Amino acid sequence: MTAPIEATGAEQQAQPDAVLAGSGRKAIQGRSLGQIAWMRLKRDKVAMGGALVVLLLIVMSLPGVTELLSRTFGSPPNQFHQNLVDPTLGGPIGSLGGISADHPFGIEPINGRDLFSRILFGARVSLLIGVLATLVSVVIGTVMGIIAGYFGGWVDTVIARLMDIFLAFPLVLFAISLVGVIPNKMLGLAGNDLRMGVLVFIIGFFNWPYIGRIIRGQTLSLREREFVDAARSMGARNTHILFKEVLPNLVAPILVYSTLLIPTNILFEAALSFLGVGINPPDPSWGGMLSAATELYTVAPHFVIVPGLAIFITVLAFNLFGDGLRDALDPRAR
Amino acid sequence: MSTTDNATGPTATDRVIPQGEVLLDVDNLGKHFPVHAGLLRRQVAAVKAVDGVSFSVRKGETLGLVGESGCGKSTTGRMIMRLLDPSFGKITFEGEDITRMSQSRLRPLRRDLQMIFQDPYSSLNPRQTVGAIVGAPFRLQKIQTENGVKKAVQELLELVGLSPEHYNRYPHEFSGGQRQRIGIARTLALKPKLIVADEPVSALDVSVQAQVVNLLEDLQDELDLTYVVIAHDLSVVRHISDRVAVMYLGKIVEVADRNDLYERPMHPYTNALLSAVPVPDPAKREGRDRIRLQGDVPSPLDPPPACRFHTRCWKAQEICKTQEPPLAELSPGHQVACHFPENTTVSATDAVAQSAVSPPATDLPTPSLRKE
């Protein structure tokens, strides 16, 4: 995956002469493909904006930071403030959903919990599930894809059929039924920890064929490159060729499709929570909040808007960053 | 890059062809790629990419392997390197049969047997530094170098005319010619005895071709290398080779010393090839008659019977369609597989008459009838 050097052509061309001349000046350092990609990414303002939001979300979800922010700007996510709720309608007292200095995003109808804190803790859940599920998909997908692409033949046929089977799986129905069967305690996990584990497994384990196919295709073309033959003619073993020669060339597509898979998984988690098979109440999750809001949107429209916006901004930021990363790394270029 | 010698002209001094021991011997080597079709993936046909080639390479000499695209030159080279498994035949390297040798037993032998690749843009891993690429042979073969791998790599870079400071650079920072030099440095790392060069210059600019070809020649003198150079450029082959083998559709049709071949080509196909070489001088261009071959190269899926060239040969007779001409030595060191060779004092008709009279039953599979 040679990055097109035209982008930085002038500087690159000048270097060998500078070194050959050996003119006492400090030799210009060569740039790796990673450095060139970073330079290109830095110039992409939209992608950098996305990256900034993603970074902010990650920092917000770090252990300790969430609690600190919640304490400073809101109140604990599960604390009821029924004095702030209109007893007859159930909606929050005050304009714009009860937005005040104590509750920057307003308060929840009926129970009067602080929305800001619930969004914060919901972000942690969404990110954790999105990232962990992506990790599972990427690891399985990369290993399966690289093996299928490199070895070919019946290995490829078996893995390709397996991918077809996984892609044909009715994932949502499976998730709903699986959550129903799983006991309350399993593998030393209980409650919402177990739920999150189950969600990561379902989302991650059934999404690997997407990345697996991409990696398989890339490996198929890389396998035919002469540097693979060169390594083999020097006596390299298959493991060396796979992990030292081929895999480093797959870093770009893996990174790009990971960043594009995370928002998909966040959406999927939100959808499952919306359907009631995600994170159990009272723990907050964005999908669960939207689900609760469907009955109350007439009295408290902000209850739909706030978690909806949170999902929208997160997914958009990841997608913009992923697109920018793809342009910067240009995995489609030779 | 001080060498400015023009690659297209013949070398001024003819190198003394060493009559040393045979380093590589290829006997009736073939590669058939199966073609599968249908639900059960049954084999319905085979692409006969290489169909029984025999030649040998002596220590210190350069054998040129020429032919047009798809004639099996590269496949032959890759089989010698054991990057492809031969379908039949025998490869002997330094007296050892390596045809069916397992990759693990082959590994130590690979030090002596290396390859230069065709495309310098594809033969260097874009994610590795030059140091890692050129140093890879040392690491893969677990060879200890006196002053460490880095020093050895920098010496190699100097040997091929690059700066040792290029050690930490990435391949994308280099031009095609420089990249090919990096590839050559990697090939030389283990001090191989035989180098198979698969179209070493065809991906390069003509001006850079000369540099790389001259580099290969200098290195041969310096390091006592033996080359098998695969090329389709007749000028390059003429410049670099001691002996030349001409291939057509998976078979060798003519083998001869370089000068012999270029001055007295015997096989009609060789004649046609040589007449296609462009002549830069318009005055000289006037008098020469070009042989224009009719039609395309037949499909290697179903090559013509007997002499494979008979479908396009202007001298073809009935015998060419029924009997395969053996690769016979018609003059010292000049082997031709043709019933009606040109430029020969030896009465070709004798050979033809002989084979015509001899009953077909005694006609052994011809490729093995090799005269040394």
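The values are calculated or read from the model by the stated rules, or taken from the named source; none is laboratory data. Everything numeric here is computed off the predicted structure, so don't read it as measured data. Positions of Cβ are backbone-derived with ideal geometry, glycine not excepted, and every protein chain shown enters the neighbour counts.
The table below gives the values:
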read-out: The range B:156-180, residues that are assigned to a helix (DSSP H, G or I), closer than 29 Å to A:Asn238 by Cα and free of Cβ contacts under 8 Å to residues at least 60 places away in the same chain; value: B:Leu156, B:Leu157, B:His166, B:Tyr167, B:Asn168, B:Pro171, B:His172, B:Glu173, B:Gly176, B:Gln178, B:Arg179
read-out: Hits in the range B:167-184 - residues which are under 21 Å from the mean Cα position of the chain (by Cα) and surrounded by fewer than 23 Cβ atoms within 10 Å (Cβ to Cβ); value: B:Gly177
read-out: Output for the range B:203-223, where each listed residue is at pLDDT 85 or above and touching a Phe, Trp or Tyr at 6+ places or on another chain (Cβ under 8 Å); value: B:Leu216, B:Gln220
read-out: Some residue of the range B:167-184 being modelled with pLDDT of 85 or more, aromatic (Phe, Trp, Tyr) and within 30 Å of B:Glu94 (Cα to Cα); value: no
read-out: The range A:303-330, subset in contact with a Phe, Trp or Tyr (Cβ under 8 Å, 6 or more places away or on another chain) and not small (Gly, Ala, Ser), residue nearest to A:Glu108 (Cα to Cα); value: A:Phe303
read-out: The range A:165-192, residues that are exposed (fewer than 11 other Cβ atoms within 10 Å of the Cβ) and assigned to a helix (DSSP H, G or I); value: A:Ile165, A:Leu173, A:Gly180, A:Val181
read-out: Selection within the range B:226-242 - at pLDDT 90 or above and over 23 Å from B:Gly70 (Cβ atoms); value: B:Thr226, B:Asp242
read-out: Search result, residues across the range B:136-155 that are more than 10 Å from chain A (Cβ to nearest Cβ), of a type outside the set (D, E, K, R) and part of a loop (DSSP other than H, G, I, E, B); value: B:Ile143, B:Gln144, B:Thr145, B:Asn147
read-out: Every residue from the range B:186-215 that is within 29 Å of A:Ile36 (Cβ to Cβ), more than 12 Å from chain A (Cβ to nearest Cβ), in contact (Cβ under 8 Å) with a residue 40 or more places away in the chain and in a helix (DSSP H, G or I); value: B:Gln211
read-out: Given (1) within 28 Å of B:Cys320 (Cα to Cα); (2) in contact with a Ser or Thr (Cβ under 7 Å, 6 or more places away or on another chain), index of the condition B:Val229 fails; value: (1)
read-out: Close pairs from the range A:98-118: first free of Cβ contacts under 8 Å to residues at least 40 places away in the same chain, partner basic (Lys, Arg) and assigned to a loop (DSSP other than H, G, I, E, B), Cβ under 7 Å, at least 6 apart; value: A:Ile107/A:Arg113
read-out: Matching entry among A:Val138, A:Val143, A:Val200 (being part of a helix (DSSP H, G or I), away from chain B (no Cβ under 14 Å) and within 23 Å of A:Pro282 (Cα to Cα)); value: A:Val200
read-out: The lone exception for B:Glu222 - which of (1) buried (at least 20 other Cβ atoms within 10 Å of the Cβ); (2) more than 21 Å from the chain's Cα centre (by Cα) it fails; value: (1)
read-out: Selected residue (criterion: farthest from the other protein chains (Cβ to nearest Cβ)) from residues of the range B:121-135 that are assigned to a helix (DSSP H, G or I) and out of contact with any Lys or Arg (no Cβ under 7 Å at 6 or more places or on another chain); value: B:Gly135
read-out: Residues (of a type in the set (S, T, N, Q) and within 26 Å of A:Ile36 (Cβ to Cβ)) located in the range B:132-185; value: B:Gln154, B:Ser163, B:Asn168, B:Ser175, B:Gln178, B:Gln180
read-out: Qualifying residue in the range B:51-72 (condition: small (Gly, Ala, Ser), closer than 20 Å to B:Ala245 by Cβ, modelled with pLDDT under 85 and touching a Lys or Arg at 6+ places or on another chain (Cβ under 9 Å)); value: no
read-out: Exclusive hit being touching a residue at least 12 places away in the same chain (Cβ under 8 Å), out of contact with any strand residue (DSSP E or B) (no Cβ under 8 Å at 6 or more places or on another chain), under 22 Å from B:Ala45 (Cα atoms) and buried (at least 16 other Cβ atoms within 10 Å of the Cβ), set B:Cys320, B:Cys313, B:Cys307; value: B:Cys307
read-out: Scope the range A:181-220; condition within 21 Å of the chain's Cα centre (by Cα) and small (Gly, Ala, Ser); matching residues; value: A:Gly197, A:Gly204, A:Gly212
read-out: Selection status of B:Gly38, away from every other protein chain (no Cβ under 14 Å) and surrounded by fewer than 16 Cβ atoms within 10 Å (Cβ to Cβ); value: yes
read-out: From A:Gly308, A:Gly278, residue being without any contact (Cβ under 8 Å) to a residue 24 or more places away in the chain, touching a Leu at 6+ places or on another chain (Cβ under 7 Å) and not aromatic (Phe, Trp, Tyr); value: A:Gly308
read-out: Among (1) modelled with pLDDT of 70 or more; (2) within 14 Å of chain B (Cβ to nearest Cβ); (3) buried (at least 19 other Cβ atoms within 10 Å of the Cβ) - the single one A:Pro16 does not satisfy; value: (1)
read-out: Residue in the range B:270-286 that is surrounded by 13 or more Cβ atoms within 10 Å (Cβ to Cβ), part of a helix (DSSP H, G or I) and touching a residue at least 60 places away in the same chain (Cβ under 8 Å) present; value: yes
read-out: Enumerated helices (runs of 4 or more DSSP H) restricted to the range A:215-297, each holding at least 2 residues that are surrounded by fewer than 18 Cβ atoms within 10 Å (Cβ to Cβ); value: A:251-274
read-out: Subset of the range B:78-103 [more than 9 Å from every other protein chain (Cβ to nearest Cβ), assigned to a helix (DSSP H, G or I) and either modelled with pLDDT under 90 or over 19 Å from B:Lys191 (Cα atoms) (or both)]; value: B:Met79
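Every residue, every condition in (1) within 20 Å of the chain's Cα centre (by Cα); (2) in a helix (DSSP H, G or I); (3) at positive phi; (4) aromatic (Phe, Trp, Tyr), yes or no:
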| position | (1), (2), (3), (4) |
| --- | --- |
| B:Met247 | yes, no, no, no |
| B:Leu261 | yes, yes, no, no |
| B:Asp302 | no, no, no, no |
| B:Thr311 | no, no, no, no |
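The rows are residues; the columns are (1) at positive phi; (2) within 13 Å of chain B (Cβ to nearest Cβ); (3) modelled with pLDDT of 90 or more.
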residue: A:Thr219; (1), (2), (3): no, no, yes
residue: A:Ile241; (1), (2), (3): no, yes, yes
residue: A:Val251; (1), (2), (3): no, yes, no
residue: A:Val256; (1), (2), (3): no, no, no
residue: A:Pro263; (1), (2), (3): no, no, no
residue: A:Phe274; (1), (2), (3): no, no, no
